[in-house]
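K.L.:
The structure under discussion is supplied below as structure tokens; questions concerning it will follow.
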Protein chains: 2
Amino acid sequence: MKPKTVFLQRFLLGILVAGLFAGCSVQQKETQVSEEVDPLPSWRDGSSKQSILDFVKQVTDTAAAEFVLPKERIAVFDNDGTLWSEKPTYFQVEFVLYRIKQLAPKHPEWQDDELIRAALKHDLKTLREEFGAGGLGHLMALTQSGMSSDTFENTVRDWINTARHPVSGKLFREMVFKPMLELIRYLQENDFQVYVASGGGIDFMRAWIPQVYGLPRDHILGSMLKYRYKKIKGRPVLIKLAEILFVNDRDGKPKLIHQVIGRKPILAFGNSDGDLQMLEWCGSNQHKSLTALVHHTDGEREWAYDRKSNVGRLDRALNEAEKQGWLVVDMKSDWKNIYP
Amino acid sequence: MKPKTVFLQRFLLGILVAGLFAGCSVQQKETQVSEEVDPLPSWRDGSSKQSILDFVKQVTDTAAAEFVLPKERIAVFDNDGTLWSEKPTYFQVEFVLYRIKQLAPKHPEWQDDELIRAALKHDLKTLREEFGAGGLGHLMALTQSGMSSDTFENTVRDWINTARHPVSGKLFREMVFKPMLELIRYLQENDFQVYVASGGGIDFMRAWIPQVYGLPRDHILGSMLKYRYKKIKGRPVLIKLAEILFVNDRDGKPKLIHQVIGRKPILAFGNSDGDLQMLEWCGSNQHKSLTALVHHTDGEREWAYDRKSNVGRLDRALNEAEKQGWLVVDMKSDWKNIYP
């Protein structure tokens, strides 16, 4: 054998062996990393966090009896009070009040309207006690219809990027729950299809949820107004009407989940009685499922409320959670951080 | 150097070299294959096929001005007459007539009903001329409501796997258009999100479209009945009601596409006036779009009809196609094969 050939052989052997070792060490490193990284760093160690981790491990483990195919790993989250705050009132109501103020100068005929006067004064108490849901519906119709869906979305986008919460002074879009954003990401990394199923308006949510939560536009389920299809200078547009097509609350949630997704979720997260039927629907899945509530127990870092709250009342669903053994996340003790 | 070491070196060298050659040859083979394979073998070479190939090439080429991000590559297809046949009547009507026959023995009170008598005789002419859309709606309500969505889907599944077409004798599920199945696959391989947007019932389609077209359940848009949420022995079910929630036809199509997908398609395929607004909607996309009609011109292999047909009338949309320069696929000359 010529020295050159031997050298070449040794050289190639060296590459091969080094490659094998490199391969091993990379693999070892990856294993170590995946063991070390906590996918839910804003959750305190405890039974809530553990039951989430255990659930995801079971349904994604091909060797486990609880294994669920990726296409059936549907997760649904309520929005207000579950993924972001909802006090002193739903943030979409804040948007409506902002729009009334913005539009008022163009509508002198609004001057004598008691409802609009309360709105302009940001008087939530009067709005709630004297005008109720009907009054709010009227304000929504005034401010959220008569324009194309694109124009409406741009209006919301301008607002969400600048508007601040009356109490915290934060941008509304900063008042999202960091532990829940981590959970969404963790589920997506485990091949879950993650959806929002909210009573809020679908066009309102599409303006910011993709950027803020990292969810695609077609994974947002919400209440819907009817549209009119119309051509303006030959170009088709969809004009939002002041007529309701669908209210995505209470038993509306399982209905719309079925119409749009067509599968029962294996994970559902809510925080109020409006989520009860969605949670029941998830809990009746033939696969192993995780059914959970966020309980607002932290009056210092966020708000503390449940059975008697006007907004986000949690009463019947809390009873049902106890009866069915659903996971009840205690915001105060389970979450290290609230906002990002 | 000991003989054993030399042997080991040679052995490892052999593996390394063989591996390199194997790698090269595999890579070469893949390149050749991808150049040779025709993604649309059932389409005859010609301008229709070429405009589809050109369109897909342009919107997927990152260097092209027409490039469209994968998340915006939305393609929508009508179903009846676009992906499968629709003569002598919509196949869902055949299902309804089958169900009337199946249920009649349990309903002696139907005996004196002229509408049901015509249905039992499969008398499409009388049904159409004497009872019209209202009569059909009544038959649909009788056969497609009052049961859970799961039960209904199972009924459809039993039918689609065994029921045969009155003229061709084929299974209905075999009367799908092979060129269109190839197109769906080709679009999916190019990272399009492919949806069906049909006037047919969503629960009817979900029973077979995933298997037959290879589309996921949440990529099917159709007409919807309302549901009632109900608990049976503590287990929640959705019961189909005889009330319409949404008719996904004409201007309903762009509306539902917006509500569910939230993006304007860049490709839309239809075959009748019921698809006109969906095609206009697609054609108004700011991105390059492909707007197309299947023209039923093949009375020998399928059916030939357009402006005067009762089912799948193509009149206004054909005028619009000429005016706007939409692609009109001529079934007879453009398709080598019709059915698989």
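K.L.:
Taking only Cα atoms, what is the 0 to 90° angle, nearest 10, from helix A:149-160's long axis to the longest principal axis of chain A?
P.N.:
Orientation of helix A:149-160: about 80 degrees from the principal axis.
K.L.:
Oh, and also: Where does helix B:3-36 land angle-wise versus the long Cα axis of chain B, in degrees 0 to 90, nearest 10?
P.N.:
Taking Cα atoms only, the helix is inclined about 40 degrees.
K.L.:
In terms of the Cα gyration tensor, with a ≥ b ≥ c the square roots of its eigenvalues, is the protein assembly as shown rounded because a/c is under 1.5, prolate because a/b exceeds b/c, or oblate?
P.N.:
Values: a/c = 1.62, a/b = 1.06, b/c = 1.53.
Since a/c reaches 1.5 but b/c is at least a/b, the shape of the protein assembly as shown is classed as oblate.
K.L.:
Sort A:I261, A:I52, B:I232 so that the residue with the fewest other Cβ atoms within 10 Å of its own Cβ comes first and the one with the most comes last. Don't skip to the end; give the middle numbers.
P.N.:
On the way: A:I261 20, A:I52 23, B:I232 9.
Ranking A:I261, A:I52, B:I232 by Cβ neighbours within 10 Å, fewest first, gives B:I232, A:I261, A:I52.
K.L.:
Turning to a different aspect of this structure: Provide the FRET efficiency to the nearest 0.05 for the A:A65-B:K288 pair, computing r from the beta carbons and using R0 = 56 Å.
P.N.:
Efficiency, rounded to the nearest 0.05: 0.70.
K.L.:
Say a label goes 7 Å from Cα toward Cβ at B:E243 in every copy; what distances in nm does this one have to the rest, shortest first?
P.N.:
Result for B:E243, in nm, nearest copy first: 1.6.
K.L.:
Continuing with the same structure: In whole Hz and in residue order, list the ³J(HN,Hα) couplings for segment B:132-139 that follow from phi through the Karplus curve 6.51 cos²θ - 1.76 cosθ + 1.60, θ = phi - 60°; x for Gly and Pro.
P.N.:
Once θ is set to phi - 60°, the couplings for segment B:132-139 become x, 5, x, x, 5, x, 5, 5 Hz.
K.L.:
Moving on. Please average, across the residues of A:251-261, the number of beta carbons from any other chain that are within 10 Å of each residue's own beta carbon, and give a whole number. Intermediate results must be reported in sequence, preceding the final value.
P.N.:
Values: counts 6, 2, 1, 5, 8, 1, 1, 9, 14, 7, 4.
That works out to 5 on average.
K.L.:
On average, how many beta carbons from a partner chain sit within 10 Å of the beta carbon of a residue in B:235-248?
P.N.:
2
K.L.:
Let me ask another. Just list whichever of B:K106/B:K226; B:K101/B:K178; A:K170/A:K336; B:K288/B:K323; B:K125/B:K240 have alpha carbons separated by over 21 Å in the model shown. Each step should come with its number before you reach the end.
P.N.:
Working: B:K106/B:K226 25 Å; B:K101/B:K178 31 Å; A:K170/A:K336 19 Å; B:K288/B:K323 18 Å; B:K125/B:K240 29 Å.
With Cα atoms farther than 21 Å apart: B:K106/B:K226; B:K101/B:K178; B:K125/B:K240.
K.L.:
May I pose another question? When only Cα pairs under 8 Å and 6 or more residues apart are kept, what is the percent relative contact order across chain B?
P.N.:
Working: 498 pairs, mean separation 73.2, N = 340.
It comes to 22 percent, rounded to a whole number.
K.L.:
Compute the acute angle (0 to 90°) between the alpha-carbon long axis of helix A:91-103 and the principal axis of greatest extent of the alpha-carbon atoms of chain A; round to the nearest 10°.
P.N.:
Taking the Cα atoms of chain A, the angle to A:91-103 is about 50 degrees.
K.L.:
Most mobile of A:P254, A:P105, A:P265 per a Gaussian network model of chain A (Cα springs, under 10 Å)?
P.N.:
Maximum among the listed residues: A:P105.
K.L.:
Let me ask something else about it. Using a 10 angstrom cutoff on alpha carbons, build the Gaussian network for chain A and name the most mobile of A:D249, A:D330, A:D123.
P.N.:
In this elastic network of chain A, the residue with the biggest mean-square fluctuation among A:D249, A:D330, A:D123 is A:D123.
K.L.:
Here's another thing I want to ask about it. Across all directions of projection, what mean area in square nanometres is found for the Cα convex hull of segment B:220-316?
P.N.:
Values: hull surface 36.7 nm².
With every direction weighted equally, the projected area is 9.2 nm².
K.L.:
Which of these, A:A268, A:A119, A:A75, has the largest mean-square fluctuation under a Gaussian network model of chain A (Cα springs below 10 Å)?
P.N.:
In the Gaussian network model the winner is A:A119.
K.L.:
Relative contact order for segment B:212-340 using alpha-carbon pairs under 8 Å, separation at least 6, rounded to a whole percent?
P.N.:
Working: 187 pairs, mean separation 21.8, N = 129.
Dividing the mean separation by the residue count of segment B:212-340 yields 17 percent.
K.L.:
If you don't mind, there's one more thing I want to ask. Normalising by the residue count of segment A:168-253, find the relative contact order in percent from Cα pairs under 8 Å and 6+ residues apart.
P.N.:
On the way: 97 pairs, mean separation 21.0, N = 86.
Contact order relative to length: 24 percent.
K.L.:
Something else: Quick check on segment A:184-253: take the gyration tensor over C-alpha atoms, sort the square-rooted eigenvalues as a ≥ b ≥ c, and tell me if it's rounded (a/c under 1.5), prolate or oblate. Display every interim value, and only then the final one.
P.N.:
Values: a/c = 3.19, a/b = 1.67, b/c = 1.91.
Oblate, since a/c reaches 1.5 and b/c is not below a/b.
K.L.:
Placing the label point 7 Å from Cα along the Cα-to-Cβ direction, what are the distances from B:P210 to the equivalent spots in the other copies, shortest first, in nm to one decimal?
P.N.:
2.6
K.L.:
Measuring nothing but label to label, 7 Å from Cα along Cα→Cβ, what are A:D54's distances to the other copies in nm, shortest first?
P.N.:
Label-point distances to the other copies, shortest first: 6.2 nm.
K.L.:
Ok, one more. Based on alpha-carbon centroids, what's the gap between segment A:319-340 and segment B:250-299 in Å, whole number please?
P.N.:
So the separation of the two Cα centres works out to 45 Å.
K.L.:
Now for a different question. What percentage of all Cα-Cα pairs in chain B are separated by more than 26 Å? Please report the intermediate quantities before stating the final value.
P.N.:
On the way: 31996 of 57630 pairs.
So the portion of pairs separated by more than 26 Å is 56 percent.
K.L.:
Further question on the same structure: For B:E114 and B:D54 in the same chain, what is the full-extension length gain: residue separation times 0.36 nm, less their Cα-Cα distance, in nm? Walk me through the numbers on the way to the answer.
P.N.:
On the way: separation 60, 0.36 × 60 = 21.60 nm, distance 5.39 nm.
16.2 nm is the gain from fully extending B:E114 to B:D54.
Coordinate-derived values only; no laboratory data. Please read these numbers as outputs of a predicted model, since none were measured by experiment. Backbone-built Cβ (ideal geometry, glycine too); neighbour counts: all protein chains shown.
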